[in-house]
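K.L.:
Got a structure here, written out as structure tokens. Questions coming.
Every read-out reported here was derived from the displayed coordinates using simple, explicitly stated rules and does not represent laboratory data. Just so you know, these numbers come straight off a predicted model, no measurement behind them. Because the Cβ atoms are built from the backbone with ideal geometry, glycine has one as well, and the counts that use them run over all protein chains shown.
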Amino acid sequence: MRTSTHFGLSVHYLHVILIGLFVIFSGNATAVAIDFDDIDVYHDPEGGCFCDHPLTTEYLDKGLLISDGYLVGEKRADGTNDNSLLGSLFLTFTFVDNFPTQVSMIINAVYDQAVFLDAYGNKGWSDHKKTSGYAGPFDDTPYRSNQRVTFYAAEGITNITFGTFYGLRVGPIVDNLHYSYLKLPEPSPALLLLPCLLLAITRRQKTIHASCRESNVS
């Protein structure tokens, strides 16, 4: 009976340690949201060109560099902006300083065509997605507006490229971009020894439990 209590107590401590490890290493997720409505777009009364408003480093403070993207939009009735990002043939998102583990966005397309997204990350990770829409006579799916595309990569996502089936001067339209980071604290040398301690405790309790059964049998 005494040995059994000792065994149960050690198991209790083992559970406490495991919970502590989970809390320590669960990390904190921070998120970034960009709807492109925070920038005013000048509307040329004579029409102008979409290329009048290129975006490059406007969101660099949020860890995002944009290549070959242009801000387009209009004013809502309440005076706020309703903007989105119009991509050219080589639209690219590059994440700097830190690499998100999740990236999500709303995708539309000019001419109801399919949009191809290629995401790349650390350690050779990559993923490829395609929205619905026309992608040739043998891949013609009904176009849907406001399609959400999401990438996940524990290794961290470094950049995303966009392309469209027609490959014209403009094609993909991006809005409501969200990306998040999972930040894990650096383990101390003492924490790195905890798995060895847990293994030693488990083996010791197995030995004690086996000895108790042998004593009871004899």
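K.L.:
Using 0.36 nm times the number of residues separating residue 146 and residue 111, minus their current alpha carbon distance, what extension gain do you get?
P.N.:
Fully extending the segment from residue 146 to residue 111 adds 11.2 nm.
K.L.:
Relative to the compact globular guide of 2.2 N^0.38 Å, what is the alpha carbon radius of gyration of the stretch 28-183, as a ratio?
P.N.:
On the way: Rg = 15.7 Å, N = 156, 2.2 N^0.38 = 15.0 Å.
That works out to 1.05 for the stretch 28-183.
K.L.:
Note down the magnitude of the dipole of the stretch 28-183 about its Cα centre, charges +1 on Lys and Arg C-beta and -1 on Asp and Glu C-beta and zero elsewhere, to the nearest 20 debye. Walk me through the intermediate numbers first.
P.N.:
Values: 10 positive and 21 negative charges, 133 e Å.
Result for the stretch 28-183 is approximately 640 debye, rounded to the nearest 20.
K.L.:
Can you return the aspartates and glutamates within cross-link range of residue 129? Criterion is Cα-Cα under 13 Å, with same-chain partners fewer than 8 residues away left out.
P.N.:
Within reach: 118.
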